[in-house]
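Undergrad: My questions all concern the structure below.
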Amino acid sequence: MGKALFRAGDCLLLVLVSSIGVLLMHGIHMLEWPFVLEMLAGMGAAMLVQMLLALASAPLLGSIETMVPSSVAAMVSPMAVCLAHMADWRTGSRECLLLGTVLGIGMFAVFEVYASVCRRALRRSPWRGAIK
Amino acid sequence: MNSTAWEWRARLYDFCEASAIRRAPAKRRLFGAMRGEVLFVAAGTGGDFACFPPGMAIRAIDLSEAMLRRAQRRSRNYAGDLALVKADAGLLPFADETFDTAVTSCTLCSLPDPARALEEIRRVLKPGGRLLLFEHVRSRNPLLGAVLDLMTVWTRRTGTEMNRDTLGAVAAAGFDIRRVESVYLDIILSVRARKPRIA
């Protein structure tokens with residue numbers, strides 16, 4: 001029960017960080033700055049918000065358990081918006097929220113799979129200096 | 001870090017480390033392998049004492065008086081013999097081959113010279129003695145490793161390195177690593193090692 005609650009919290013944090021990251025980048029795109037500047041500003045803003053959210057949730061979910069995956073989410077989610085706009089997919093706020101939610105859940109799933117891979121790799125073989 | 005910095009860190013430590021609930025089951029499993037005379041490096045605010053198996057004889061060290069003051073309160077609740085000692089992990093005030101078990105918990109990330117501390121731990125452990133580590137290390141995954149490298153840029157200011165190769169350091173110090181368990185990805189690990197019986 002406890003593990004399930006922590007996992008739910010992890011997923012919620014990733015959805016939140018991804019959604020906010022997507023919305024921030026979407027908002028910055030509206031300013032029609034040069035592309036590189038938009039990317040940097042969007043990712044910077046997303047990472048700032050991510051850091052604050054991770055710090056706020058660290059007491060409940062763990063410091064490393066919040067900081068690490070949410071950092072990845074904060075990097076990936078703004079980039080996803082940039083790719084969407086480059087592919088000429090015009091997004092509104094609703095589409096951004098949906099994209100952020102899907103990205104957050106997707107990243108949670110990836111981390112769960114990676115966690116399982118790590119557990120199995122370490123259980124199966126004695127430590128040989130690397131997890132490949 | 002100077003003593004003022006540690007005073008502030010001691011005040012914030014328990015707030016930031018409330019992840020104790022999440023990590024407690026893994027710590028209890030690891031600490032359950034304690035045997036005989038135990039050295040705990042470094043006590044911090046004593047948040048880990050609740051995960052110790054009862055009835056052990058433990059000497060817990062820390063360099064920071066601020067941390068030890070907070071740990072003192074928690075040590076009273078421990079159902080065993082738990083003594084707090086102000087000491088430097090790099091210069092342990094114990095004779096060679098004193099302890100049967102040495103334990104660290106998120107310690108090696110915060111020491112200025114972890115190699116030196118591991119040498120000292122090896123010195124004070126009896127041949128065949130156990131080293132139990134609950135540590136966070138740099139992930140082998142390139143993306144997560146890069147994230148931890150980036151985090152280290154600002155966590156270093158608070159005295160914590162997020163990207164240490166702790167397993168490599170333990171092996172280089174001459175310990176036999178027997179078991180490594182994943183607590184969180186390949187970042188937070190529970191490690192059991194032994195000091196070889198033959199030098």
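Undergrad: Taking the Cα centre as origin and putting +1 on Lys and Arg beta-carbons and -1 on Asp and Glu beta-carbons, what dipole magnitude results for region A:1-131, to the nearest 20 debye?
TA: Using only the charged Cβ atoms, the result is roughly 800 debye.
Undergrad: B:Lys27: which aspartates and glutamates have alpha carbons under 13 Å from its alpha carbon, excluding same-chain residues fewer than 8 sequence positions away?
TA: B:Asp48, B:Glu135, B:Glu181
Undergrad: So for chain A, averaging the separation of alpha carbon pairs under 8 Å that are six or more residues apart and normalising by length, what relative contact order in percent results?
TA: Rounded, it is 36 percent for chain A.
Undergrad: Which shape class, rounded, prolate or oblate, goes with chain B when its Cα gyration tensor gives a ≥ b ≥ c as root eigenvalues, a/c under 1.5 marks rounded, and past that a/b bigger than b/c marks prolate?
TA: Judged from the Cα gyration tensor, chain B comes out rounded (a/c under 1.5).
Undergrad: With a 1.4 Å probe and all protein chains left in place, how much of the accessible area of chain A comes from carbon and sulfur atoms, in whole percent?
TA: 73
Undergrad: Next up: List every residue whose amide H lies under 5 Å from the amide H of B:Leu131, counting only residues 5 or more places away in sequence or on a different chain, with H placed 1.01 Å from N in the peptide plane.
TA: Sorted by chain and number, the residues that satisfy this are B:Ala102, B:Ala193, B:Arg194, B:Lys195.
Undergrad: What shape does region B:127-177 take by its C-alpha gyration tensor, where a ≥ b ≥ c are the square roots of the eigenvalues and a/c under 1.5 counts as rounded, a/b above b/c as prolate, and the rest as oblate?
TA: Taking the square roots of the gyration eigenvalues as a ≥ b ≥ c, region B:127-177 is prolate.
Undergrad: Output wanted: per-residue J couplings in Hz (rounded whole) for region B:44-60, from phi through Karplus 6.51 cos²θ - 1.76 cosθ + 1.60, θ = phi - 60°, x for Gly and Pro.
TA: Result, ordered by residue: x, 8, x, x, 7, 4, 5, 9, 6, x, x, x, 8, 10, 10, 10, 10 Hz.
Undergrad: In chain A, which whole DSSP H runs stretch at least 15 Å along their own axis (Cα) and average 1.0 or higher on the Kyte-Doolittle scale?
TA: Passing helices, by number: A:2-29, A:35-61, A:63-86.
Undergrad: On to the next question. Report the local net charge at B:Val137: Lys and Arg +1, Asp and Glu -1, summed over other residues whose C-beta lies under 11 Å from its C-beta.
TA: -1
Undergrad: Give me a single rounded figure for B:30-43: the average over its residues of other chain Cβ atoms within 10 Å of their Cβ.
TA: 0
Undergrad: Can you check what the net charge comes to around B:Leu148, using other residues whose Cβ is under 10 Å from the Cβ of B:Leu148 (Lys, Arg +1; Asp, Glu -1)?
TA: With Lys, Arg at +1 and Asp, Glu at -1, the net is 0.
Undergrad: Residue by residue through region B:148-165, what is 3J(HN,Hα) from phi via Karplus (6.51 cos²θ - 1.76 cosθ + 1.60, θ = phi - 60°)? Round to whole Hz and write x for glycine and proline.
TA: After applying 6.51 cos²θ - 1.76 cosθ + 1.60, I find 5, 4, 5, 4, 4, 3, 9, 5, 4, 5, 9, x, 10, 9, 9, 10, 7, 8 Hz.
Undergrad: In chain B, what percent of the accessible surface is made up of carbon and sulfur (1.4 Å probe, ligands and nucleic acids excluded)?
TA: 53
Undergrad: Determine the shielding of peptide A:115-122 by partner chains: average, over its residues, the number of Cβ atoms on other chains within 10 angstrom of each Cβ.
TA: 5
Undergrad: Quickly estimate the mean residue ellipticity at 222 nm for the protein assembly as shown, helices only: each DSSP H run with n ≥ 4 gives -39500 (n - 2.57), and the total goes over all residues, rounded to 500.
TA: After summing the helix terms and dividing by residue count, I get -18500 deg cm²/dmol.
Undergrad: What does the accessible area per residue of region B:67-115 come to in Å², with a 1.4 Å probe and no ligands, DNA or RNA counted?
TA: 49
Undergrad: Starting from the Cα gyration tensor of region B:149-199, take the square roots of the eigenvalues, sort them a ≥ b ≥ c, and report rounded, prolate or oblate (rounded when a/c is under 1.5, otherwise prolate if a/b is larger than b/c, else oblate).
TA: Oblate shape, in that a/c is at least 1.5 and b/c is the bigger or equal ratio.
Undergrad: I would also like to ask the following. For the pairing of chain A with chain B, what total accessible surface becomes buried, with a 1.4 angstrom probe, in square angstrom to the nearest 100?
TA: 2600
Undergrad: Moving on to the next point. Using unit Cβ charges (K, R positive; D, E negative) and no other charged atoms, how large, in debye to the nearest 20, is the dipole of the protein assembly as shown about its Cα centre? All intermediate terms of the calculation are to be shown ahead of the outcome.
TA: Working: 41 positive and 29 negative charges, 266 e Å.
Result for the protein assembly as shown is approximately 1280 debye, rounded to the nearest 20.
Undergrad: Of B:Cys51, B:Ala71, B:Ala83, which is farthest on the positive side of the dipole of region B:42-85, counting Cα position, with +1 on Lys and Arg Cβ, -1 on Asp and Glu Cβ, and the Cα centre as origin?
TA: The listed residue farthest towards the positive side: B:Ala71.
Undergrad: All other residues with a Cβ under 11 Å from the Cβ of A:Arg123 taken together, and with Lys, Arg as +1 and Asp, Glu as -1, what is their net charge?
TA: Spelling it out: positives minus negatives among the neighbours equals +3.
Undergrad: What does the accessible area per residue of region A:16-79 come to in Å², with a 1.4 Å probe and no ligands, DNA or RNA counted?
TA: Heavy-atom accessible area per residue stands at 41 Å².
Undergrad: While we're on this one: Output the relative contact order of chain B, whole-number percent, from Cα pairs under 8 angstrom with separation of 6+ residues.
TA: Averaging sequence separation for qualifying contacts and normalising by length gives 19 percent for chain B.
Undergrad: Checking buried surface per residue: for region B:141-156, which residues lose a minimum of 40 Å² accessible area in the protein assembly relative to the chain alone (1.4 Å probe)?
TA: Those residues are B:Leu144, B:Val147, B:Met151, B:Trp154.
The values are calculated or read from the model by the stated rules, or taken from the named source; none is laboratory data. From a predicted model like this one, the values you see are computed outputs, not experimental measurements. As a convention, Cβ positions derive from the backbone with ideal geometry for all residues, glycine included, and neighbour counts pool all protein chains shown. When the accessible area is computed, the model is the full protein with side chains, heavy atoms only, and any ligands, DNA or RNA have been set aside. Shrake-Rupley method; radii C 1.70, N 1.55, O 1.52, S 1.80 Å.
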